[in-house]
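Trainee: Dropping the structure in here first, questions after.
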Amino acid sequence: MVYSWDDPETQDLWTLTIDESALLLPGMTDKGRLGFAVQLKFLELHGRFPNSHDEIDPKAVQWLTTQLATTAETLSSYELSGRQGQRHRRTIREYLGYR
């Protein structure tokens, strides 16, 4: 599905709820917080985790960086399938009730 960033509902789809924000632990780095948020929202919207950074809408990343007070550049060093990414995926699946 293609989303238009001119539509306010699109921003709502990528907005972190209070419960989702609570998952972002204080000890997480900016890279970890942003990577976690991207994977969480991507799964909620697409029903799967992103395989590569190319699949992630840059405007969505920018919107998340605004919410997290970080920069989009921090995501480039986040490995989606690395140890940290896999650990985040487990937490996200548990949070969303996946088995």
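Trainee: Against the empirical 2.2 N^0.38 Å scaling, what ratio does the C-alpha Rg of the chain come to?
Mentor: Working it through for the chain, the quotient is 0.99.
Trainee: Quick check on the chain: helices-only [θ] at 222 nm, where DSSP H runs of length 4 and up contribute -39,500 (n - 2.57) each and the sum goes over total residues. Nearest 500, please.
Mentor: Estimated from H runs of four or more residues: -16000 deg cm²/dmol.
Trainee: Mind checking the per residue accessible area of the chain for me, 1.4 Å probe, whole number of Å²?
Mentor: With all protein chains present, the chain gives 62 Å² per residue.
Trainee: To continue, here is another question. Rounded to the nearest percent, how much of the accessible area of the chain (1.4 Å probe, protein heavy atoms only) is carbon and sulfur?
Mentor: On the way: 3090 of 6120 Å².
So the carbon and sulfur contribution to the accessible surface is 51 percent.
Trainee: Label-point separation (nm) for D12 and A72, each offset 7 Å from Cα along Cα-to-Cβ?
Mentor: 2.4
Trainee: May I pose another question? Restricting the calculation to Cα positions, tell me the Rg (one decimal) and the Dmax (whole number) of segment 11-57 in Å.
Mentor: Spelled out, the Cα radius of gyration and Dmax of segment 11-57 are 10.8, 28 Å.
The values are calculated or read from the model by the stated rules, or taken from the named source; none is laboratory data. Computed from a predicted model, the values in this text were never measured in an experiment. Don't worry about glycine lacking a Cβ; one is built from the backbone with ideal geometry, like all the others, and counts go over all protein chains shown. Please note that ligands, DNA and RNA were not included when accessible areas were found on the heavy atoms of the full protein model with its side chains. Shrake-Rupley method; radii C 1.70, N 1.55, O 1.52, S 1.80 Å.
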